[in-house]
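In what follows, a single structure is set out as structure tokens and then discussed.
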Amino acid sequence: MSGLGAAKKVRGALIVIEGLDRAGKSTQVSRIAQSITAKTIKFPERTTPIGKMIDSYLGKMSEMDDHAIHLLFSANRWEKVDEILRSLDDGQHVICDRYAFSGIAYSCAKGLSHDWCRSPDVGLPLPDLTLFLSLTPEVAAQRGAYGEERYEVVAIQEKVKTILSQLGSETNVGPWQTIDAGQDIDKVTEDCLAEVKKAIDSVQLKGAPIGKLFT
Ligand code: DGP
């Protein structure tokens with residue numbers, strides 16, 4: 001025996017991008033993913049049976065009780081947890097376009113209680129970094145195709161922004177950074193990548209297992 005064990009594989013980092021509708025999340029997610037070679041997951045994931053119900057609700061083709069749709073959004077995240085954990089274990093970075101924070105922000109904006117909204121997502125994989133792309137609802141509203149889906153209304157987005165802005169200071173949400181999404185698009189990417197690289201370095205340095213959200 002040589003006495004030299006195989007080097008332990010370092011897990012990937014879980015990165016979350018949050019923000020209002022039209023904040024530029026999808027563009028930044030794909031740019032970051034390309035730069036760090038990451039897997040991307042977009043929530044809601046509209047192709048599963050649960051995701052199709054969410055899609056129909058968002059497109060105003062069906063109505064649902066606010067609590068019921070909240071639980072479906074959460075279930076839609078839970079149905080991707082195995083895939084997320086397997087990828088991280090394999091050493092692959094995962095970037096989520098929206099996560100449980102959108103769940104709290106959009107449902108609280110409709111008047112549901114914060115504690116109730118938080119509970120179905122307790123125990124999801126804890127992000128190693130959340131980037132909140134901050135933009136005023138007025139600027140977001142000027143961006144393309146705004147107003148087609150259910151929540152694309154400035155009054156709702158104002159409340160969502162206020163709630164999202166406060167979530168980063170809650171306990172057990174993981175590292176949280178706010179990025180000014182009103183800047184030039186390349187500067188937004190640069191700012192995001194600087195934070196993402198720090199988060200990856202920290203995961204690699206600490207070698208800690210993935211945590212659990214809100215616990
Ligand atoms: P998009 O990110 O463009 O695919 O839009 C999804 C829409 O659904 C957007 O208006 C935000 C909203 N949303 C995302 N996640 C949740 C959630 O967990 N709960 C609620 N109520 N709304 C959500």
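The values are calculated or read from the model by the stated rules, or taken from the named source; none is laboratory data. Computed from a prediction, not measured in an experiment: that's the story for all the values here. For neighbour counting, all protein chains shown are included, and Cβ atoms are generated from backbone atoms with ideal geometry for every residue, glycine included. Ligands, DNA and RNA are excluded from the accessible area calculation, which covers all protein heavy atoms including side chains. Shrake-Rupley method; radii C 1.70, N 1.55, O 1.52, S 1.80 Å.
Just ASP89, ASP97, ASP121 to compare: in a GNM of the chain, with alpha carbon springs under 10 Å, which one fluctuates most? Taking springs between Cα atoms under 10 Å, the residue moving most is ASP89.
Send over a whole-number figure in Å² for the accessible area per residue of the range 60-164, probe 1.4 Å.
41
Does anyone have the angle between helix 66-78 and the longest principal axis of the chain? Alpha-carbon axes, 0 to 90°, nearest 10? Approximately 20 degrees, to the nearest 10.
When nucleic acids and ligands are ignored and a 1.4 Å probe is applied, ASP90 ends up with an accessible area of around 100 Å². Bridges between two residues of the chain, per DSSP, are antiparallel at a rate of about 5%.
The loop-placed GluC sites (Glu not before Pro) in the range 56-115, going by DSSP, that have at most 11 neighbouring Cβ atoms within 10 Å of their Cβ come out as GLU63.
Let me make sure I get this right: for the chain, a, b and c are the square roots of the gyration tensor eigenvalues over alpha carbons, sorted descending. Under 1.5 in a/c it's rounded, otherwise prolate if a/b > b/c, else oblate. Which is it?
Verdict is prolate for the chain.
Here the 3J(HN,Hα) profile of the range 86-93, calculated from phi with Karplus coefficients 6.51, -1.76 and 1.60 at θ = phi - 60°, is 4, 5, 4, 4, 6, x, 8, 6 Hz, Gly and Pro shown as x. Dipole orientation for the chain: of the candidates PRO44, VAL10, ALA141, VAL10 has the Cα lying most toward the positive pole (charges on Cβ; Lys, Arg +1; Asp, Glu -1).
The residue list GLY168, ALA23, ILE69 was ranked by how far each Cα lies along the charge dipole of the chain toward its positive end, using unit charges on Cβ atoms, and GLY168 comes out on top.
In the chain, helical runs assigned H by DSSP with n ≥ 4 each contribute -39500 (n - 2.57); averaged across all residues and rounded to the nearest 500, the mean residue ellipticity at 222 nm is -14000 deg cm²/dmol.
Per-residue 3J(HN,Hα) values for the range 109-124, derived from phi via the Karplus relation 6.51 cos²θ - 1.76 cosθ + 1.60 with θ = phi - 60°, read 4, 8, x, 6, 6, 4, 4, 5, 5, 6, 4, x, 9, 4, x, 4 Hz in sequence order (x marks Gly and Pro). A run of the chain free of exposed loop cleavage sites, with trypsin sites (Lys or Arg not before Pro) counted only in DSSP states other than H, G, I, E and B and at most 16 other beta carbons within 10 Å, reaches its longest extent at 151-215. Accessible area of the range 1-98 with a 1.4 Å probe: how many percent of it is carbon plus sulfur? That fraction is 54 percent. Annotation: amide H of TRP176 within the under-5 Å range of THR130, sequence separation 5 or more or interchain, hydrogens built in the peptide plane.
Counting other Cβ atoms within 10 Å, keep those with at most 13, restrict to DSSP loop, and tell me which GluC sites (Glu not before Pro) in the range 125-188 are left.
Within the range 125-188, the qualifying GluC sites (Glu not before Pro) (loop, at most 13 other Cβ atoms within 10 Å) are GLU148, GLU170.
Measuring with a 1.4 angstrom probe and ignoring ligands and nucleic acids, ASP128 comes out at about 30 Å² accessible. Only lysine pairs 8 or more places apart or on separate chains count here, and in the range 1-122 those with Cα atoms under 21 Å apart total 11. The Stokes-Einstein estimate for the range 141-195, based on a Kirkwood radius over Cα pairs and taken at 37 °C with 0.692 mPa s viscosity, is a diffusion coefficient of 244 µm²/s.
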